[in-house]
Structures are given as structure tokens and as C-alpha cells.
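Computed from the coordinates by the stated procedures, all read-outs in this text should not be read as laboratory data. What you see is a predicted model; the values in this text were computed from it and never measured. Quick reminder, even Gly has a Cβ in these numbers, built from the backbone with ideal geometry, and neighbours come from all protein chains shown.
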């Protein structure tokens, strides 16, 4: 007799299976016969692996995300921490940041092509843009939320300004920064799909466009979507595990 | 916590104006010195905006974009809020549904485009569908955590006063979760606005997003491209500010006491 | 301990005509009005007053975190111009760094010492405040009383001349508070720093201090200084104790019957 705990853990899987069956059924009944069912999609994945494209495309997309994301982090975080610290800097720059932020990275495509031409650099630029503004706002907000107690204690113990930054400011903002980085990484992963539509010739986003254009291979389209979903989930889980580190946990428990 | 003492009131206006003026100057002179033939200077953008306004194109496209966002976001809210509240209220349901959501969430709406076009064809419905998809998940997530974060003492007090489960949900849980739901709605609206641009670039032939691509393709009118980008930025900002204002209403303001 | 041992030998701190006016958006609020105070070296002074009367502001000014609008504060003859490790502030609560362990917190101010010196000091103060066994724990794992001990240990580790305590036991339950008062006195007798202790609890002040400075309401000044001439350990039901305590209650305009 299976125990209750096992049943509970199986429930979500049962739900997924039920959805898959529903999907297969709907695909079979669809009039155009173009929409693939889960079985065809799985076949698409196998197809990709067999052609050696699976790894190549995944790596290409990850490569662009990593570069855009890291560039944005390296620039936005120090900038944001500084702007957040100096009240007047925040007053001055906030309106500009707030106007740039709602502009979708895709709206930058013409400018990206103008500046970087067609190819990897453009798509990395778009990913960079999509990460830069959220990260700078996260950093500004993180600094502003440091309790004054910590800074005063640091000054009390005679810390030099450099030491104050390194030994008080930086550890105090770290939990919030990591959450911001996790969320932004998720955004980057979403944008890479769009960014790859600027005529690069590898990657999961490219695959989606190309598979459709070159032969209505919707099985590959759905396969690509599934892979995107899984990798996005793994990236998120990976970042969450960082938040579990003992010296950071304090930043997440009180709410 | 930050470094300086209380700045004066007038400084709130002086600094941003100075910074923006500096930005415009830098922009203008970069264009002049690089002798670019294509990239527009600030004045060219302003003229482009005036041109669009005169032709009526600006207002028509703004209306189209706003309408699509309203429909997609509205649908996401109307479906997402009850859905999210249910998931938050019944952890068992959440446990079953959540893994599926976590897998669907990272899939960019852009990736859904071929499927959407297949299902709905090219046009407004596809655009609204994509916006709906993008706005849906943040709202659900915010509702789930809003309900989860209602302190147990509130629920206990409600039960103490003899409220039934539906009454509890309506009179205690929902108001208590409302600040967080509002934040989720605001973030979701921001995402909807971003995705609108993407959806319009591909699936329709009107709207601000469409204008960005069309201005380039039909004549390399980069002045119009940047003008469109500027409008996208400004309207997006205004939408966000409106939502923040909602957070000032007294019955929810308590949940935002931390916001600067 | 005799009364003679608590006589002032030299003046450590001298506050003269200190005024504090806070201005915000054009409105100015006077908080401190002509505060005059002298504290002797090695003395334990309590500042007592109702909540919001400005005692924390006064302490922050003494510590150098605020500049007085007029008047001056001198320590050892020098005007106070900013925070300094020679006078460590023990904050109301949550002053310990949550990202550091107990050890990490205590050795925070010891960056000028060699590693072996640091280690021995940390061990000494962990022992002194009674946190043995918790060296590697994080503040989130400690109780309120333990966190307060940690903050005191961190302050003492740098051997400051002065300790400024701002209602340090305010967040603790009354039983823990009684224990912590005893601990603080024990530590003070060993270390003999000058202590300025701000509290709204009159009993606490009379139990701990050599002298009690009673503050008026806003805009505040020191309306009275009461010398507590009872030797430690003090019996809180002794007539002299009650007499002194009731005197302060009356000074503050409070009845002593509930």
C-alpha cells in the first residue's frame, strides 16, 4: 500500500501527464495537422541530438546570455551602489533611468544593428540592455535599504571609507543583489530568444524562427520551447541555491 | 541609508533637470562630432515626433498599443487573480500545478509566436494573446505569495470572530494580500508593455512597436525610430506611476510603508 | 565597593550649552535646549527621561554621530567631531552584523591587531559575556539577550574609553533584563570604562548608575542630577533605594501608585 507521502509527490507528475495527454489529443484533432503533439516534440529533440545541433544551439544561447548578463552586472552593480549611496546622484539620474527602463530591448534592434551590425554583438547588446536597468535599480534600492545602524557601527569602529564599503556595505546588500541577479538572469534568458532573431545562425531562438521558416517544422519549434523552459528553470534553481548559503540566509528570512 | 544629510526641496528638480540637459548635450554633440548620417540628434527626434503627431499617426498608434495592452493585461488580471488566489489558498492545488508553471514561465512569449500564429493567425488576437501570456505569470505568482504571506494571526483573528471560509477569504485574506497583489500587477503591466513592443514587431501592422521596425525598414527613418522609442519609454513610465499612485490609497498604503 | 571608589577623579566628558534643532522641509523642531553635563572618568551615568524626549539625540551627539546646532561636547578636552573607536555606541537593537558569526562580530573592530592578538581578545570577551559554545553561530540563531551580549562584547573588544548604551535592554523581557543588568555591572567593574546609559526605565537607572541625569520633556535639558550613594549590590527594596527612585518619579511628574 503506497504511503501518503509518495502519493502526494506523484500528484504533480500525474497532472503533467494528464496535460500531455490532453495536448496530444488536441493536436491529433487539430484541423491543420501542423501543431505537434508531445510525442512529435520529443521526436524533435531526438532529431536535434542526432544532428549534433542540440548541444551547439544550447551552448550558443547560453554564451550570449552569459556575456550580456555579466557585462550588465559588472557595470550596473557598482554604478547602482554608488548612485544609491549619493542621494543627489539618485535624484539626478532616476528620471533618465525610469524613461529608459520601459523601452523593450527589442525596440533597440534598429539601433543595435546600426551600431553593431548583424550578428552576435547585436544580440549580446540587447541582452545587456535587458539586464542593465533592472540591475541598476536593484543595486540602488539595496543600498538605500541598508539600516543606518550598520553604517553607524562601521563608522564608530573607525573604518576608513574603503573599508566601510568592503566590510559593511557590500555584505549588507549581498542578499538583495543575489535575488536581483537571479530575477534578471531569468529576464536575460527570455530576451535571448528574441535577441537571436536578429539573423544570427545558431541558438534556440534562431531555431524557433528557422524551423518554422524552413519547412514548418513545428515539432522542432515546440522542442526548442521545451528545452528553453527546462534550462530557464535550472538557471533559476541554481541561483536560488546561492541564497541558501549560511552567511546569506539572514537576508531572506525576515519578511 | 545613504551618505548625505537632507537635501533641500529645490534640489529635487534641479539635479534631474541638470542631468537630463547634460545627457541631451552629450547626445547632440556625439552626433555632431561623429558626423553620422543616420543616427538622429535630439532635435531631429523632436521634429520627427511633431511630424507623427501632425499626421495623426502618433495618436492612432498609441491608441492601438494601449488597447492591446489593456486587453492582454486585463485578461491576465481577470483570469490570473482568482487563479493565483486559489493556488495560494489551497497549497495542495499549488503543489500540483506549480511545477508546470515553473516550466512554462521561462519560455519567452517570443518563443510562443509561431504557435500563436498557427493558432490565431497574424493579427491583433495573436498580439493580445502574447501580451496575456507574459502578464499572466507574474500576477499569479504575486497572488500566491500574497496569500501565503498573510500573517497567521490575521487568519486566526478572523476565525475567532466566526467568519466562514469564503468570508475569511474576502474580508481578511484578500485585503491583507492586496498590497502584494498590486505590486504584482504593476510589475506585470511593465512586462506587458515590454512584450507589446515585441508582439507588434512581428504580428501586426500598427502600434508603437510596429513603428520602430517600420520606420527603419521603409526609409531608414531613425529619427522616427528614436521618437517611437521615446514615446514607448514615457508611456511605460506613466503607466507605472499610475499604478504606484494606487498604492497610496489608504486601504493599501499600510503595505507599502517601506517604499521610498 | 565603597562610595569613595565612585568619586569622580577627572572629567572625561563635558557638554556645554548643547542645543539641537532639527529642520525638515522648512519646519524646525528644537529637541535639545541648553544641555549641560559633566561625566567623570570611570563613572557610570544614566540618562533618564520619557520616550521621545531627546535622550537618544543627546547620546548620538556625544558619540559624534550628530553635530550640535550650538554648544559643544568635549571629551578629554577635545571637541567631538565625529564617531571614534574610543567611544563605542551600543545600539538599541539589531546592531550586530547578521552576516558575521559571533567571532566575526567581536573581532570586527580589531583590524589593527595581529591575528594571535585578535584571537585571544575574541576568546576573552566571549568568555566575559558568557557566549562560550556559540563562536561560530550567526546572530539569527541567538536569542535577544544573547545578541545584546554579543553587541557589548563587540564594543568592549576594542577597549574603548567610553561606552554609550542606548536603551540596550529595551527589546528584552523583564527577567532577562534583570540578568543583563547584573552582567553589565560585573563587566563594568572589570573594565572600568566610562559608561553613559540611556533608559526610560527609572528602576534600571537607580539600580545601575553612580549618578542619574533626569531629562525634561521636549525641548529637553537636564532638569536634575541625582547622586545614587548606595553601594553595590543594591537592594531594590531598601528604603534609601525607594527614596531615590520616588524622588526621580516626582521630578518627572509621575505618581508612584498605580
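Annotations
- On the beta carbon distance between residue C:41 and residue A:214, with R0 = 60 Å, the FRET formula returns roughly 0.10.
- Residue C:115-residue C:249 pseudo-label distance in nm [points 7 Å out on the Cα-to-Cβ vector]: 5.8
- Across the range B:42-256, C-alpha contacts under 8 Å between residues 6 or more apart give a mean separation that, scaled by the residue count, equals a relative contact order of 27 percent.
- Most mobile of A:35, A:62, A:164 in a GNM of chain A (Cα contacts under 10 Å): A:164
- Gyration tensor (alpha-carbon) shape descriptor, chain B, a/c threshold 1.5: oblate
- Nearest-ten-degree value, helix C:144-157 long axis tilted from longest Cα axis of chain C: 80
- The modelled label-to-label distance between residue C:16 and residue A:59, using points 7 Å beyond Cα along the C-beta direction, is 7.7 nm.
- Most mobile listed residue (C:157, C:140, C:209) in chain C, GNM with C-alpha springs under 10 Å: C:140
- Mean-position separation - Cα centroids, the range A:222-245 and the range B:99-118, in angstrom: 14
- For chain A, a/c is not less than 1.5, where a ≥ b ≥ c are the root eigenvalues of the C-alpha gyration tensor, and a/b does not top b/c. That puts it in the oblate class.
- Residue exposure sequence - C:137, C:237 - by fewest surrounding Cβ within 10 Å: C:237, C:137
- Note on chain B: GNM, Cα springs under 10 Å; of B:39, B:132, B:23, the largest mean-square fluctuation is that of B:23.
- 0 to 90° range, to nearest 10: angle between helix A:87-100 axis and chain A longest Cα axis: 20
- Residue A:166 paired with residue C:225, simple spin-label distance in nm, labels 7 Å along Cα-to-beta-carbon: 4.4
- Anisotropy class of the protein assembly as shown from Cα gyration tensor, a/c 1.5 cut: prolate
- Computed extension length for residue B:256-residue B:53: 69.2 nm, one decimal, from 0.36 nm per residue of separation with the Cα-Cα distance subtracted.
- The angle separating the long axis of helix B:11-34 from the principal Cα axis of greatest extent in chain B is about 40 degrees.
- Note on residue B:8/residue B:34: beta-carbon distance plugged into 1/(1 + (r/R0)^6) with R0 of 60 Å gives a FRET efficiency of 0.95.
- Taking each residue as 0.36 nm, the span from residue C:218 to residue C:237 lengthens on full extension beyond its C-alpha to C-alpha distance by 3.6 nm.
- Our summary gives chain A a relative contact order of 25 percent, counting only alpha carbon pairs under 8 angstrom and 6 or more residues apart.
- Calculated FRET efficiency for the pair residue B:218/residue C:143, C-beta based, R₀ 60 Å, to 0.05: 0.25
- By DSSP, the beta bridges lying fully in the protein assembly as shown are antiparallel in about 55 percent of cases.
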